[in-house]
Amino acid sequence: MRAILGLVLVGLLAFPLIAASNRVEVNVDGEVVALRTYADTVADVLDDLEVELRHGDEVSHDLNAPLEEGMAISIARASTVDILVDGLFSHRIVAPVTSVAGALTAAGMEDVRETGADIVPPWTAQIESGAVIEVWTPQEVTVEVDGDQIQLASLVSDVDTFLTEQGIELGDDDIVSVSLETPLVFIDEIVIERVEFVEEVEEVVLEHATQRRETSQLDRGTTRVQTEGADGLREDTYEVKLIDGEEVERELIAEEIVTEPTTRVVLVGTRTPPPPPPPSSSSSGSRNVPSGVPSADDPVWSRLAQCESNGNWSAISRNGMYYGGLQFHPRTWRSVGGTGMPHEATRAEQIYRAQRLLAKPWATWNNQWPACSRMLGL
């Protein structure tokens with residue numbers, strides 16, 4: 001009897017203990033544990049199960065909440081997710097998220113799709129801890145190319161991909177204002193300069209030289225052209241660099257002689273001419289010296305020739321306008337009956353034409369030979 005009472009007493013004492021426990025379920029790391037526990041709070045039961053909570057983990061109940069019969073406790077483990085916007089680090093999310101949508105929402109970027117952004121992985125994709133989400137927003141860029149200025153928007157990452165997407169082809173020598181590897185987010189303008197190399201040929205005149213050769217076959221004071229001179233021709237080839245059609249540089253790359261110049265050869269007489277025959281009665285009339293004009297043997301003519309041409313009766317002025325010892329202009333020479341060129345005539349003929357010139361009512365020493373007439377006191 002005493003033994004039965006003891007058993008009854010034990011049973012009576014155990015009943016309050018059973019009544020004080022709670023049956024709970026704990027869902028952690030995908031495993032569900034059902035148990036009856038005498039723990040007082042949610043934190044206590046997790047300690048009993050040696051469940052370690054990490055930063056960002058979420059527990060379905062407050063850790064200080066008292067346990068209740070049938071309580072289901074779940075733990076959502078946090079994932080670490082990095083979010084890059086236009087290739088740059090933007091957010092690091094440490095939260096119990098399992099999808100791209102959840103991570104972007106946790107970062108406050110739930111409206112990013114409305115901007116037309118490109119999301120990689122896509123919005124509905126599932127992710128794990130350590131995932132990286134890339135968000136590419138449309139970048140507006142101004143492009144200057146081929147004389148046009150265009151504003152374009154794109155989701156691509158770098159300049160090279162952007163130009164390819166827009167169908168803008170680059171030549172091997174074209175100049176781009178920014179590196180092709182530059183992320184599009186860093187720039188707002190791209191300037192493309194078209195570079196072209198062309199060849200140009202320029203014609204260069206090779207001026208001929210003049211050579212004077214003495215000959216005893218001609219009288220002194222006379223000349224004759226043996227070989228007419230002719231200019232030559234050279235073609236110079238240049239490589240010309242153009243930027244947007246404007247020349248910026250040129251380099252000589254080839255020379256070619258097309259025609260060699262021909263030297264002009266002038267024969268100069270050295271032979272002493274025979275003395276002139278005495279004037280005949282028939283010719284003396286046509287060679288009458290006008291009244292008041294010095295005779296042909298007057299030393300004034302030699303003095304004048306010495307001043308005008310250094311005494312060279314076949315001289316040609318440097319500018320090619322005056323000829324002979326007395327430096328006649330061809331028009332003046334012809335006005336007094338001269339034929340041919342003054343410097344090709346004999347000394348006597350040049351003096352005679354000068355006498356005829358001075359016989360003109362308007363002609364004077366001073367207005368025909370102004371400088372030398374003053375020097376000689378004529």
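The values are calculated or read from the model by the stated rules, or taken from the named source; none is laboratory data. Note that the structure is predicted; figures quoted are calculated from it, not measured. We place every Cβ from the backbone using ideal geometry, glycine too, and count neighbours over all the protein chains shown.
Tell me, which residue of segment 144-178 that is of a type in the set (D, E, K, R) and closer than 19 Å to GLY87 by Cβ is surrounded by the fewest Cβ atoms within 10 Å (Cβ to Cβ)?
Step one: list which residues in segment 144-178 are of a type in the set (D, E, K, R), which gives 144, 146, 148, 158, 160, 165, 169, 172-174.
Now restrict to residues that are closer than 19 Å to GLY87 by Cβ: 158, 160, 165.
Numbers: ASP158: 19, ASP160: 16, GLU165: 12.
Per the criteria, the residue is GLU165.
Scanning segment 179-221 for residues that are farther than 30 Å from GLY324 by Cα, surrounded by fewer than 14 Cβ atoms within 10 Å (Cβ to Cβ) and β-branched (Val, Ile, Thr) returns VAL191, VAL198, VAL201, VAL204, VAL205. Within segment 350-369, is there a residue that is exposed (fewer than 13 other Cβ atoms within 10 Å of the Cβ) and aliphatic (A, V, I, L, M)? No, there is no match, as no residue in segment 350-369 is exposed (fewer than 13 other Cβ atoms within 10 Å of the Cβ) and aliphatic (A, V, I, L, M). GLY102 satisfies every condition listed in (1) crowded, with 18+ Cβ neighbours inside 10 Å; (2) assigned to a strand (DSSP E or B) except (2). PRO66 meets all of the listed conditions (1) within 30 Å of VAL156 (Cβ to Cβ); (2) at pLDDT 90 or above; (3) surrounded by fewer than 16 Cβ atoms within 10 Å (Cβ to Cβ) but one, namely (1). Considering (1) touching a strand residue (DSSP E or B) at 6+ places or on another chain (Cβ under 7 Å); (2) in contact (Cβ under 8 Å) with a residue 12 or more places away in the chain, say which one GLU207 fails and leave the rest. Every listed condition holds for GLU207 apart from (1). Of all residues in segment 296-321, those satisfying the criterion of being touching a residue at least 12 places away in the same chain (Cβ under 8 Å) and not in a loop (DSSP other than H, G, I, E, B) are VAL300, TRP301, ARG303, LEU304, ALA305, CYS307, GLU308, SER309, ILE316. Among the criteria (1) of a type in the set (A, V, I, L, M); (2) under 13 Å from the mean Cα position of the chain (by Cα); (3) more than 30 Å from THR137 (Cα to Cα), the one VAL198 does not fulfil is (2).
Considering only segment 52-71, state which residues are within 16 Å of LEU35 (Cβ to Cβ) and touching a helix residue (DSSP H, G or I) at 6+ places or on another chain (Cβ under 6 Å). Before the answer, list the steps.
In the first step, residues of segment 52-71 are kept if they are within 16 Å of LEU35 (Cβ to Cβ); the result is 61, 67-71.
Correct list: HIS61 only.
Inside segment 322-333, residues that are in a loop (DSSP other than H, G, I, E, B) and either in the same structural domain as ARG220 (by TED's automatic domain parsing) or farther than 17 Å from THR223 by Cα (or both) make up a count of 1. Among the residues of segment 238-264, what is the count of those that are under 24 Å from the mean Cα position of the chain (by Cα), in a strand (DSSP E or B) and of a type outside the set (A, V, I, L, M)? Summing the residues that are under 24 Å from the mean Cα position of the chain (by Cα), in a strand (DSSP E or B) and of a type outside the set (A, V, I, L, M) in segment 238-264 gives 8.
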